[in-house]
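The next block holds one structure in the form of structure tokens; read it before the comments.
The values are calculated or read from the model by the stated rules, or taken from the named source; none is laboratory data. Note that the coordinates shown come from a computational prediction; the quantities given were computed from them, not determined experimentally. All Cβ positions, glycine included, derive from the backbone under ideal geometry; neighbour counts span all protein chains shown. Keep in mind that these areas ignore ligands, DNA and RNA; they rest on the heavy atoms of the full protein, side chains included. Shrake-Rupley method; radii C 1.70, N 1.55, O 1.52, S 1.80 Å.
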Amino acid sequence: MTTIKLPYGKEHINVKIPEERLNAVLVSEMHEYKPELSQIEQVKKALENPIGTPRLKEMAKGKNKVVIIASDHTRPVPSKIIMPLMLEEIRKGNPDADITILISTGCHRETTKEELEAKFGSEIIANEKIYVHDCDDESMLVNIGVLPSGGLLIINKLAVEADLLVSEGFIEPHFFAGFSGGRKSVLPGVASRATVMYNHNAEFIDNEKARTGIIDGNPIQTDMLYAARAARLDFIVNVVINSEKEVIFAVAGDCDLAHKEGCKFLNDYCKVDSVPSDIVIVTNGGYPLDQNIYQAVKGMTAAEATVNEGGIIIMVAKSNDGHGGDHFHKTFKEEKDVSKMMDAFLATPSEKTIPDQWQSQIFARVLKNAKVIYVSEAPDEMVSDLHMIPAASVEEAIKLADKILAKEDAKITVIPDGVSVIVL
């Protein structure tokens, strides 16, 4: 038996796989990467050596209204490390700067006070102005133009009114935007629901360039970079983290040039060759990305890239927050024919895109190719509503997979962290 450690919520579970059945374990080399500098030193070095811009302290001079876009509770950005250093750098250039931290929730639920304190620490919560973006609050939204795709670019007015707009975030492989981080702070981060809907339209999601690890030619990214430039996102601090959520690489500077440098680092370490198998076990990297089923679709796309057609994906995600999207849940509960569902998505005009449609479309694509057995704390009925088979453990899931496949020796590929790899 080979024992494999899988992240699950804030903990790990150990899974034993018979050696004769284990085809491969696909892991990012990034998790083995050992930086010479500490986490704080990495970020400081990036701030002191920005790519394509002056130092942040120089950019802050004479800029009274500074807005820092920060990620929300669904992203494991080590803000306790990044944010104090950004605040210090800004105040070196302008001690009297009026700084607001704008939480980029996109279309997610509001970040709670408890989640903000866990993210930033009590000192920042007590001493800094923090505003949580609401994509539906029209009183806080401003139309600043038209995206290359034709959609309206409507974003939070705090970002628009800033004398200096900067952001913090992290870069990881993203299942349709190519990579997270960088320009995504603006769109979808602080954009209106209508703008996000248009950008995540069915035609773009179906585009062969809208895949993990691809930025060039990705129509979703084209809109996102335009939005960042239009909003005057002047400076970013982005990090790359390992499986322990520790900073191992940092970039700062221009929202395109610095971001590309971070993406290049990831490309060098995250690409893995697919090892096709009838059964693929995958996770969403643990907390916070495995809090719900909606987010778990991301990890499934890594398994999708290496599971045999008609095979089984065993998705391991705690999902203690449930399905994570009402529209997402309703779509699958009400339509049992995935092919009909996909046809309906592809026939939907960009301006008619509904919430969670992109996630449903990608999930439907996964389900057309493979059955999914779901190991979680979500209610069995909810899992079944979403066209998956519930299981209480990975061991039970493997037994179910063997039964479905009608064989007990099917090869198994394991992806311990599906959101950290780019499967080719």
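General observations
- Accessible surface of the chain [probe 1.4 Å, protein heavy atoms]: carbon and sulfur percent: 47 percent
- Over segment 162-273, volume per residue of the alpha carbon convex hull, in Å³: 105 Å³
- Under a 5 Å amide H cut-off, with hydrogens placed 1.01 Å from N, I373 pairs with I313, I314, M315, I389 among residues at least 5 apart or on other chains.
- Computed over segment 256-343, Kirkwood Rh from alpha-carbon pairs, angstrom: 15.2 Å
- Over all pairs of different C-alpha atoms in segment 75-178, the reciprocal of the mean inverse distance, the Kirkwood hydrodynamic radius, equals 15.6 Å.
- Measuring between their Cα centroids, segment 45-103 and segment 127-155 lie 20 Å from each other.
- Segment 351-424: relative contact order as a whole-number percent, Cα under 8 Å and 6+ apart: 20 percent
- Label-to-label distance, N127 versus V25, with points set 7 angstrom from Cα along the beta-carbon direction: 4.4 nm.
- The residues of segment 199-289 expose on average 34 square angstrom of accessible surface per residue, using a 1.4 Å probe on protein heavy atoms.
- Computed over the chain: relative contact order in percent, which uses C-alpha pairs under 8 Å that are six or more apart: 21 percent
- Calculated translational diffusion coefficient of segment 1-146 (25 °C, 0.890 mPa s; Stokes-Einstein with Kirkwood radius over alpha-carbon pairs) equals 131 µm²/s.
- Prolate/oblate/rounded call for segment 143-193, Cα gyration tensor, a/c under 1.5 rounded: oblate
- Where both bridge residues fall in segment 1-159, DSSP classifies roughly 50% of the beta bridges as antiparallel.
- For segment 326-424, accessible area per residue (1.4 Å probe, heavy atoms of protein chains only), Å²: 46 Å²
- Å² of accessible area per residue within segment 13-97, as computed with a 1.4 Å probe and no ligands counted: 50 Å²
- Summarising the strand pairing of the chain, around 30 percent of its internal DSSP beta bridges are antiparallel.
- Helical segments meeting 20 Å axial Cα length and Kyte-Doolittle -0.5 threshold in the chain (DSSP H): 79-93
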